[in-house]
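Notes to accompany the following structure.
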Amino acid sequence: AVRRVLLLGEGNFSFAASLCGAAGTYVVATCYESEEEVSGRGRAAESIRRLREKGAEVVFSVNCTKLKDYFLPEKRGFDCIYFNFPHCGRKAGVVKNRELLARFFHSSAEVLTEEGEIHVALCNGQGGTPADQPRREWHNSWQIVAVAAGAGFILSNVHPFKAETINGYKCTGYRSQDKSFCVEGALNHIFTRSMPLLCFKPMICEIKLESLKVSFQVPQVLVDKINRGFLELNSNHPVRTIKEKLTAELSQAFPLQDIDYCLSLLHQGHLNGVCHSNIFWTILSPEETPSIEEMSNELANTVLFSHVDFCGETDKNGCLNVQEGCHTSKQYYLRPSLLPYAQAIIQRRTFVPGTLHVLSGPVFRKCLIAPYSMPVFHEMFFICAVNKSTENSCIHKLVKNIENSVRSLHQAVSSFKLNINLQEATSFETSELNDFAAFEFQLSKIQYFICMQIDTSGFCEKGCCVGTIRTARYEVVSSELVFVFASLNLDLLAMLICGISDWRMLWTSDTRFLCQFPRGELRLFKSFSLYPPSYVHDVSFWVPDGEQFDELAFHTIARWVSGEMVISIQLIDSFQQSETGRKSLCYRLTFQSCDKALSRQDVAEMQLLFRKEINQRLRVTLR
């Protein structure tokens, strides 16, 4: 197929002439001025002649902000658009040049193919990205990535613009004159289309629960994460690859049984010590399938918040103690761990002593917004029944094989040094625990954390907790056996092994993620969205009198109204009136996407919706 290339704002057409003649390329070269104006520039007439001789199309008086006006619909499908050193002319400042770029990107979107690229070359410092050296202050740059995001484009690559390597190229147009300008340190920015921001509709999920077929409404924050099938047989997702490699390695050391029967997404029953605010409660009806509207009315309080009428009591820490035998249609929650299913295997006596039983699947936990805090991740859970005398040797053997497997996977991907170690749980301060480890502490007593550190990966000196080891005795089952449980967070392992810096990337629907892992091969991930812009908004409000502010619900609302675009929430001010005792809080929200174009306007709309929702659902009074 012929690759159609559009060049805009050519000064003397020397760049276009250098591209013309390449095999399989059709060039359309344009400039803003008329042919009479351009022909007088040095070497322009010669370049135009060469272009025409080689079959290129040369068009004059083309406004880059109105491109569809110059090309018939059947000729608008350009595979690549070049705009080298755009400028409004003369002494136009950064604001006017940003406006020019914004209109250019919107115009380009109308003539570019879906898989097409836009190349924009800028002088050193103009772009405002970390690739500029030195980097200008943000307000004094052209803010090209944020500007492009407004038209649905992301920066997918950036590299030096090496004018000396372009045959016959000579830059011109300094202050709208036939004069050259300095291009030392210039950068070529390559933009591609982003997946659109999605507005997720309420979703009802049907599952089989024991002998009943039931329906439940998926919490809004999880709509795009339910039933993604990352661990299924036909999946190339890195979490599946890691799970399969671990299973294969451990099967060499233990008799192994992979429990592959369907584990219910919903759980009901006793989770002693777990704060009910950390769990995604849901509404279901075994008798009939309610409408989305009916479920939404009931879910207004249960999905997001902790003030629900539970069958049971909460302790002073807000931890739920569900009463045994308490069984109503409203007491279900999305499973926060596979531990209860492992315990069920023991209680049913379906285990084989000495055999490693393996369970895996997604688990769901409400958590505060933080870099490695995931409301959903894939857990791999191991159970092994051993004699009391071999408890420690079993733990050592299990951890050693996990370590060997992870180390082997990592060495095939990266040359960075990897450290994996077993840390006693008592050696950790609460502040050192990531969200995964902190929740595991709630479930039951932990003996060890499995920690992983890759050079300077930004974690505490003990490393990132990716797994836990705990033991338990079940005297009613056997007085001679000890049960060793191990849990691994496959998502964290995938991030650390493949160099994925943002957990949200694991859940992207952009095909450019999975195509980097063909046939399940693990590789070092290369982001297709570079230097995404971030936006900061503050919100301040009065807390309802006599009520404790539910910060977890606050974060959960931020997650779902933004579609996980909020990456940080910081309390920046707290004030209490001495006369009335009223308390005011001020939070700073930082918005940023890892895989999609996120514009200033998008964020402004999210912030307005966020203010509305916290006012209605948390009953705060906005300031």
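Going through the cross-link list 54/596; 66/162; 417/596; 208/243; 208/366, which pairs have a Cα-Cα distance over 27 Å in this structure?
Too far apart for the 27 Å limit: 54/596; 66/162; 417/596.
Enter the accessible area of residue 164 (Å², nearest 10), with the probe set to 1.4 Å and all protein chains included.
Approximately 150 Å² for this residue.
Of all accessible surface on region 1-149 at a 1.4 Å probe, what whole percent is carbon and sulfur?
47 percent
So what's the angle, to the nearest 10 degrees on a 0 to 90 scale, between helix 292-302 and the longest Cα principal axis of the chain?
Approximately 70 degrees, to the nearest ten.
Which loop GluC sites (Glu not before Pro) in region 447-544, with loop taken from DSSP, have no more than 10 other Cβ atoms within 10 angstrom of their Cβ?
Values: sites: 461, 475, 480, 521; in loops: 461, 475, 480, 521.
Qualifying residues, ordered by number: 461, 475.
At q = 0.16, 0.20, 0.22 Å⁻¹, work out log10 I(q)/I(0) for region 535-622 with the Debye formula, treating every Cα as an identical point scatterer and leaving solvent out; two decimals please.
Rounded to two decimals, the profile gives -0.62, -0.91, -1.06.
Just the number, please: Stokes-Einstein D of region 375-505 in µm²/s, Kirkwood Rh from C-alpha pairs, 37 °C, 0.692 mPa s.
On the way: Rh = 15.6 Å.
The estimated diffusion coefficient comes to 211 µm²/s.
Mind jotting down a quarter of the surface of the convex hull over the alpha carbons of the chain, in square nanometres, one decimal?
With the hull built on Cα positions only, its mean projection is 33.7 nm².
Could you order peptides 524-530, 566-572 by the average number of other Cβ atoms within 10 Å of their residues, highest first?
524-530, 566-572
Need one number: % antiparallel among DSSP beta bridges in the chain, to the nearest 5.
80 percent
Could you work out the relative contact order of the chain? I mean the mean sequence separation of Cα pairs under 8 Å and 6+ apart, divided by the number of residues, in percent.
12 percent
With a 1.4 Å probe and all protein chains kept in place, how do 224, 260 rank by accessible area, largest first? Intermediate values should be presented prior to the final figure.
Values: 224 45, 260 135 Å².
Largest accessible area first, the residues go 260, 224.
Leaving ligands and nucleic acids out of the surface, order 424, 33 by accessible area at 1.4 Å, largest first.
Sorted descending by solvent-accessible area, the residues read 424, 33.
Around residue 337, what is the net charge, scoring Lys/Arg as +1 and Asp/Glu as -1 over all other residues with Cβ under 9 Å from its Cβ?
Numbers: positive: 335, 365; negative: 379, 440.
Value of the local net charge: 0.
For the chain, what is the accessible area per residue in Å² when the probe is 1.4 Å?
46 Å²
So what's the angle, to the nearest 10 degrees on a 0 to 90 scale, between helix 238-251 and the longest Cα principal axis of the chain?
It works out to around 40 degrees.
Can you tell me the mean projection area, over all orientations, of the convex hull of region 3-193's alpha carbons? Units nm², please.
10.0 nm²
Identify, among 581, 591, 606, the residue whose Cα sits farthest towards the positive end of the charge dipole of region 535-622, taking +1 on the Cβ of Lys and Arg and -1 on the Cβ of Asp and Glu, with the dipole about the Cα centre.
606
Return the carbon/sulfur percentage of the accessible area of region 539-580, one whole number, probe 1.4 Å, all protein chains in place.
Ligands and nucleic acids excluded, carbon and sulfur give 42 percent.
Determine the sum of side-chain charges near residue 399: Lys and Arg each +1, Asp and Glu each -1, restricted to other residues whose C-beta is under 14 angstrom from that of residue 399. Working shown, then result.
Values: positive: 397, 400, 407, 470; negative: 249, 391, 403, 424.
Every neighbour counted, the sum reads 0.
Where nothing but the Cβ of Lys and Arg (+1) and of Asp and Glu (-1) is charged, how large is the charge dipole of the chain around its Cα centre, in debye to the nearest 20?
Rounded to the nearest 20 debye, it is 1480 debye.
Per-residue HN-Hα couplings for region 36-47, Karplus 6.51 cos²θ - 1.76 cosθ + 1.60 at θ = phi - 60°, whole Hz, x for Gly and Pro?
Those phi angles translate into 4, 5, 6, 4, x, 6, x, 6, 5, 4, 5, 5 Hz.
Just name one of 2, 45, 29: the one whose Cα is farthest towards the positive end of the charge dipole of region 1-73 (beta-carbon charges, Lys/Arg +1, Asp/Glu -1).
About the Cα centre, the residue reaching furthest to the positive side is 2.
In percent, what relative contact order does region 39-168 have, based on Cα pairs under 8 Å that are 6 or more apart in sequence? Numbers along the way, then the final one.
On the way: 133 pairs, mean separation 29.3, N = 130.
In percent, rounded to a whole number, it is 23.
Taking the dipole about the Cα centre of the chain, with the C-beta of Lys and Arg at +1 and of Asp and Glu at -1, give me whichever of 474, 563, 412 is farthest to the positive side.
412
The values are calculated or read from the model by the stated rules, or taken from the named source; none is laboratory data. Just so it is clear, the model here is predicted, and its values are computed rather than measured. Methodologically, a virtual Cβ is constructed for each residue, glycine included, from the backbone with ideal geometry; neighbour enumeration extends over all protein chains shown. Just the protein is used for accessible areas: all its heavy atoms, side chains included, with ligands, DNA and RNA removed. Shrake-Rupley method; radii C 1.70, N 1.55, O 1.52, S 1.80 Å.
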